[in-house]
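See below for the structure under consideration.
The values are calculated or read from the model by the stated rules, or taken from the named source; none is laboratory data. Everything numeric in this text was worked out from a predicted model, so none of it was measured. A quick note on method: Cβ atoms are made from the backbone with ideal geometry, for glycine too, and the neighbour counts reach across all protein chains shown.
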C-alpha cells in the first residue's frame, strides 16, 4: 500500500516517526504551515519557519525515502494578530519556491473580519501564482464555518476544483461535495475523525466522494498519530473496498490535487550528508 499524507506537521514529529511512516507505506507528505501553539511575536519568526519547511524538513524526509513538499500561508489563528499580518506582503517571495505546492493552511478559526481579509487575500495569491489552496475549516461551528468559507471561495478568482477544504466530518461533507472542491478529512484521535467513521462516509456517498477525498493524519505537537492513514487503508480493506479504492484515496487523489501546482516531484533524490552543515546525528566524536 503506497501512502501520500497530504497534511502532516513533521516539524513537530521525531525522526523515528519518519522511520515508522516509511515502514507503513508512506512515500510522500505535504506539510502545511501552521501555528506553533503559542503566539508568534514578529513576522520574522514565520520566515525562519518557512525556510525550515523548504530546507530542513525535506532533508530529514529524504533520509527515509519520503518526498516532502509544503504549503505556506498566514494561518487563520494568527491572521487576527496585527503583529503577524506583514507576512501577507512577504508571501509572494516564498510562493515562488519549487517545493511549495499550495497556499495553506488558510481559512477560518474564529470567523473574524481579520480572517475574512486574510482568506480572500491568500486565495488571490493562489490564483496569481497558479497554485491550489488548502483551506482549514474551523473546529467550532463547522457547518457555518464551511458555508462562509465556500462563499469566499465562490467570490475569489480561484476555481473550486483548485481548493481542498480540510477537517471535514459528517456534518460538512455533503455541502463540500456539492461545492466542487476537493474533500479533506483528518484522522486525529479524540477531536476529529477516526478510521471507522471515514470508511462509513465513503461507503455511504459512493464513487464521486471517493474520487475527490484526501485522508490525512494532521499529526502535530498534540495527541496525534502519523500512522492513521495506514490504519484507514487497512479499515477500507476490512470493509470490502478494493486495493484500487485505497490507492485512489491514499495516493492518486493527493497526487492529482497537489499536482495542480506543476511542482510535485515524487522521486526522492539521495540526500546530502548535511543540510547547511548540520546532520541528523547528535553527539559522538
* Given the structure, is residue 65 at positive phi, surrounded by fewer than 17 Cβ atoms within 10 Å (Cβ to Cβ) and modelled with pLDDT of 95 or more? -> yes
* Return the pairs, sorted by first residue and then second, in which the second residue is at pLDDT 95 or above and part of a strand (DSSP E or B), the first residue lies in the stretch 61-89 and is more than 22 Å from residue 258 (Cα to Cα), the beta carbons are less than 9 Å apart, and the residues are 6+ apart or on different chains. => 79/106
* **Within the stretch 259-285, tally of residues that are modelled with pLDDT under 95 and either within 14 Å of residue 211 (Cα to Cα) or in a loop (DSSP other than H, G, I, E, B) (or both)** => 17
* Do the conditions hold for residue 244, that is, is it free of Cβ contacts under 8 Å to residues at least 24 places away in the same chain and either in a helix (DSSP H, G or I) or more than 17 Å from residue 182 (Cβ to Cβ) (or both)? -> yes
* Which one of 203, 196, 256 is assigned to a helix (DSSP H, G or I), touching a helix residue (DSSP H, G or I) at 6+ places or on another chain (Cβ under 7 Å) and surrounded by fewer than 17 Cβ atoms within 10 Å (Cβ to Cβ)? -> 196
* Report yes if residue 103 is modelled with pLDDT of 95 or more, over 30 Å from residue 243 (Cβ atoms), in contact with a strand residue (DSSP E or B) (Cβ under 7 Å, 6 or more places away or on another chain) and in a strand (DSSP E or B), otherwise no. => yes
* Asked: If residue 255 satisfies every condition in (1) touching a strand residue (DSSP E or B) at 6+ places or on another chain (Cβ under 6 Å); (2) closer than 20 Å to residue 69 by Cβ but one, which is the exception?
  -> (1)
* **Index of the failed condition, residue 186 passing every other in (1) touching a residue at least 40 places away in the same chain (Cβ under 8 Å); (2) surrounded by fewer than 18 Cβ atoms within 10 Å (Cβ to Cβ)** => (2)
* Structure fact -> Checked the stretch 132-182 for anything modelled with pLDDT of 95 or more, closer than 18 Å to residue 218 by Cα and assigned to a helix (DSSP H, G or I); matches are 173
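The rows are residues; the columns are (1) closer than 23 Å to residue 246 by Cβ; (2) modelled with pLDDT under 95; (3) surrounded by fewer than 17 Cβ atoms within 10 Å (Cβ to Cβ).
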| position | (1), (2), (3) |
| --- | --- |
| 22 | yes, no, yes |
| 48 | no, no, yes |
| 75 | no, no, no |
| 81 | no, no, yes |
* Residues of the stretch 1-35 satisfying the condition of being assigned to a loop (DSSP other than H, G, I, E, B) and free of Cβ contacts under 8 Å to residues at least 24 places away in the same chain -> 14
* **Yes/no for residue 230 being more than 25 Å from residue 100 (Cβ to Cβ) and touching a residue at least 40 places away in the same chain (Cβ under 8 Å)** => yes
* Structure fact -> Screening 235, 218, 246, 273 for residues that are under 22 Å from residue 98 (Cα atoms) and either under 23 Å from the mean Cα position of the chain (by Cα) or exposed (fewer than 11 other Cβ atoms within 10 Å of the Cβ) (or both) leaves only 273
* Asked: Looking at the stretch 112-123, is at least one residue in a loop (DSSP other than H, G, I, E, B), closer than 19 Å to residue 47 by Cβ and modelled with pLDDT of 95 or more?
  -> no
* Answer yes or no as to whether residue 214 is touching a strand residue (DSSP E or B) at 6+ places or on another chain (Cβ under 6 Å), within 17 Å of residue 119 (Cβ to Cβ) and in a strand (DSSP E or B). => no
* To do: Any chance you could count how many residues in the stretch 67-98 are part of a loop (DSSP other than H, G, I, E, B) and in contact with a helix residue (DSSP H, G or I) (Cβ under 6 Å, 6 or more places away or on another chain)?
  => 6
